[in-house]
Amino acid sequence: MPEYRTEQIRNAALLGHTGSGKSSLLEALLYGARAISSRGRVDNGTNHADFTPQEKAHHHSLEASFLSLDHQQTHINLIDTPGLPDFFGRAQLVLPAVEGVILVLNAGRGIEPVAQRAFEEARRQGKSMLIVINHMDGNGDALEEVLEQIQTQFGHGCLPLNLPNADCSDVVDCYFKPDYDTPTRFGDAQSCHDELIDTVVEQDEALMELYLEQDESITPEQLHAPLEQALRQGELVPVCFASAEQDIGIAHLLDVLAQVMPNPLEANPPQFVNGWDDKAEPVELSLSAEDHLLAHVFRLNIDPFVGRLGVFRVHQGTVRNGQKLFIGADRKPIKVTHLLKLQGREQIEVAEAGPGDICALAKIDGLEVNAILHDNHEEDNFHMVALDLPQPLFGLAVRPKRRGDEQKLAEVLHKLVAEDPSLQVTHAGAENETVLQGLGDLHVQIALEKAQQVFNLDMDTQRPSVAYRETINGQAEARYRHKKQTGGAGQFGEVHLMVEPLPRGSGFQFASKVVGGAIPSQFIPAVEKGVKEAMNEGVLAGFPMQDIRVVVLDGKHHPVDSKEIAFLTAGKKAFLEAVMEAQPVILEPIVDMHVQVPQEKMGDITGDLSAHRAMVCGTQALANRQVDINAEAPLAALDDYATRLKAMTGGEGQLSMAFSRYEVVPPNVQQQLIQH
């Protein structure tokens, strides 16, 4: 059996905006638990979480990193994640592997865009939350305001487990052994303790009665089960004050991780399903070490010399060295030869891993992100509910510098996307462009840098076209007959179809209402193929089409001359004719923006946004005289916005963007695109 029982394991991911101090906090926790002998620093590249050459060069976390510590007979797996907005997809990928999320905030800046997104995503996935207000030293006057902001935005169930003392040199315990005598910077330990107890005992009527009988005296041990229930349901979000740099609150935070955060048996169950699409059914796992193995690969690293390293979380069963496993629906088994525990850059060979463990497999080619490792073909179609990763916003057209590297380009791009599914590669046929897309300029640049440094591929880049789309605003029908006679067997196919618009984001739907064999059933797929070809080519300006429903109504066939190519051509031509009668329009991507700037710059920023077809949706005052401006804007109008923002704010502005939806372009823009 594994060294630690499942109930002794805690798994948590550290999320938060860049500059909140996640990596430094992790370093302090490791040092406080004596998992490392000396503390490293982010600014000089010696911390244990950021160990890749790219991370050392950029002084930022760019990949998820894995470290663990032992405290109070618990084994705590901690995953550090990138805090830059461009890398939120990479942070999101680790969430299925953990029960808890530690949301780290900078006390001097409050809730920043990545923290807001992280809280919402963790909530969607049913994770237990813990908020750490870091950098409490030097920000004493802002601490109460930040706590109020948390409770306003995230809910009044966000309650402190400790408070800063009067001079912010230490924290005062409000939960385990409440200290009612030490003066606090604001509030008081008694009130905080009472509010925590009231929130927790509401989950359990029997405990509530006991609580009243004991005259409001109740121990943390008695509170444990209802507290875990409150965490699972999101009724309680503990808040801790700390300073990673000054080691303030670190010992208390270790106790919180061991005694408050849930083990795998206490948290919301993992979201497994059996089957695909409409036939997928939820699966309830036993989480037993003795049951069939089910493990989820959530992180992949590809090294040109070592091969693939897949990091996985065991949800059920036990994996052992020498064991034969299956990857997804593959019929051919793999053999576990290198079962590893990751500790930063260090890879430690282990004999086995049980439910709750996070380990890695090396040198297995079939590993992919979201693959399921299992030991029984009954689980061939088991998989986890797919994550809704952010939509790529920025792209660069790429081509190899060296002639003859075209095949290598395709292989390297495939590896980059395999490691990071929030990257995408698209091929624009009309422009003959291969476009690498990411969540922002930095996301794509880091990927290109890795291609050069790790895979030895140099690329030329240029700005690609904006990802415009085409659709229709009306309904129309068309009939087209394709007839070709060139001697011998000819071609014949006639298609009558109807097109109509779908709601934005619906994609494409195809249906057939043909009766009586007017078009034999074997030719209907050819009609659909012809329609899809036409949609990929567009009708107005060559942009792909979307949000269209096509219904085949009728047609004709010939017993000898009807062929797939005939119905493909007829379907394509009928679709094009129908679309031209259905009010075709061009769509452009709209993004949701958050711009954080000093308050005195707000007027300049909102004026510039309005001048570039943006709509300001609201503003919110933040700590330290900062303001968050929420706006929606066409992506095409933001080509150089990061540079403009830097110039207007003297480098103090922060920008994050996320895809929102597609909208119809203004008539003058549509005319320009058609004429281009």
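The values are calculated or read from the model by the stated rules, or taken from the named source; none is laboratory data. On a predicted model such as this, the values are computed, not experimentally measured, just so you know. Here the Cβ is made from the backbone with ideal geometry for all residues, glycine too, and neighbour counts use every protein chain on show. Protein only, heavy atoms only, side chains kept; ligands, DNA and RNA dropped before computing areas. Shrake-Rupley method; radii C 1.70, N 1.55, O 1.52, S 1.80 Å.
Taking the conditions exactly as written (open to solvent by 10 Å² or more (accessible area, probe 1.4 Å), touching a His at 6+ places or on another chain (Cβ under 9 Å), in contact (Cβ under 8 Å) with a residue 24 or more places away in the chain and assigned to a strand (DSSP E or B)), does PHE492 satisfy them or not? Yes, satisfied. Residues in segment 229-247 include none that are over 19 Å from ASP170 (Cβ atoms), surrounded by fewer than 20 Cβ atoms within 10 Å (Cβ to Cβ) and among the β-branched types (Val, Ile, Thr).
Of all residues in segment 357-380, those that are touching a residue at least 60 places away in the same chain (Cβ under 8 Å) have Cβ atoms under 6 Å from Cβ atoms of residues that are surrounded by 14 or more Cβ atoms within 10 Å (Cβ to Cβ) and among the polar types (S, T, N, Q), 6 or more apart or on another chain, in ILE358/ASN77. Scanning segment 57-74 for residues that are over 18 Å from ARG345 (Cα atoms) and either buried (at least 24 other Cβ atoms within 10 Å of the Cβ) or touching an Asp or Glu at 6+ places or on another chain (Cβ under 6 Å) (or both) yields no hits at all. Elements of the type strands (runs of 3 or more DSSP E) sitting completely within segment 262-323 and holding at least 3 residues that are open to solvent by less than 50 Å² (accessible area, probe 1.4 Å): these cover 294-303, 307-316. Taking strands (runs of 3 or more DSSP E) as the structural unit, those lying wholly within segment 398-478 and holding at least 2 residues that are buried (at least 18 other Cβ atoms within 10 Å of the Cβ) correspond to 433-438, 469-472. Of the strands (runs of 3 or more DSSP E) that lie entirely inside segment 107-211, those containing 2 or more residues that are open to solvent by less than 10 Å² (accessible area, probe 1.4 Å) and closer than 24 Å to GLU221 by Cβ span 128-134, 158-160, 162-164.
Scanning segment 334-354 for residues that are more than 24 Å from the chain's Cα centre (by Cα) and assigned to a loop (DSSP other than H, G, I, E, B) returns VAL336, THR337, HIS338, VAL350, ALA351, GLY354. ASP608 - would you say it is in contact (Cβ under 8 Å) with a residue 40 or more places away in the chain, part of a strand (DSSP E or B), over 24 Å from PHE508 (Cβ atoms) and among the acidic types (Asp, Glu)? No.
Candidates are the residues of segment 359-397 that are among the acidic types (Asp, Glu) and closer than 13 Å to LEU325 by Cβ; the one that is surrounded by the most Cβ atoms within 10 Å (Cβ to Cβ) is GLU379.
Would you confirm whether or not segment 293-305 contains a residue that is hydrophobic (A, V, I, L, M, F, W, C) and without any contact (Cβ under 8 Å) to a residue 12 or more places away in the chain? Taking every residue of segment 293-305 in turn, at least one turns out to be hydrophobic (A, V, I, L, M, F, W, C) and without any contact (Cβ under 8 Å) to a residue 12 or more places away in the chain.
Candidates are the residues of segment 225-245 that are under 19 Å from ILE102 (Cβ atoms) and part of a helix (DSSP H, G or I); the one that is farthest from the chain's Cα centre (by Cα) is LEU227.
Rundown of residues vs (1) open to solvent by less than 40 Å² (accessible area, probe 1.4 Å); (2) β-branched (Val, Ile, Thr); (3) part of a loop (DSSP other than H, G, I, E, B), yes/no style:
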{"residue": "ASN11", "(1), (2), (3)": "yes, no, no"}
{"residue": "ARG39", "(1), (2), (3)": "no, no, yes"}
{"residue": "GLU55", "(1), (2), (3)": "yes, no, no"}
{"residue": "ILE76", "(1), (2), (3)": "yes, yes, no"}
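Does ASP80 meet the test of being surrounded by 22 or more Cβ atoms within 10 Å (Cβ to Cβ) and more than 25 Å from ALA35 (Cβ to Cβ)? No: the conditions fail for ASP80.
Based on what the data block shows, is GLN485 touching a strand residue (DSSP E or B) at 6+ places or on another chain (Cβ under 9 Å), polar (S, T, N, Q) and under 29 Å from SER660 (Cα atoms)?
Numbers: touching a strand residue (DSSP E or B) at 6+ places or on another chain (Cβ under 9 Å): yes; polar (S, T, N, Q): yes; under 29 Å from SER660 (Cα atoms): no.
In short, no.
Taking the residues in segment 518-576 that are among the aromatic types (Phe, Trp, Tyr) and within 26 Å of GLY505 (Cβ to Cβ) as candidates, determine which candidate is surrounded by the most Cβ atoms within 10 Å (Cβ to Cβ).
The residue in question is PHE575.
Listed by first and then second residue, the pairs linking a residue in segment 248-264 that is under 12 Å from LEU130 (Cβ atoms) to a residue that is in a helix (DSSP H, G or I) and of a type in the set (Asp, Glu), with Cβ atoms under 7 Å apart and 6 or more places separating them unless they lie on different chains, are PRO262/GLU228.
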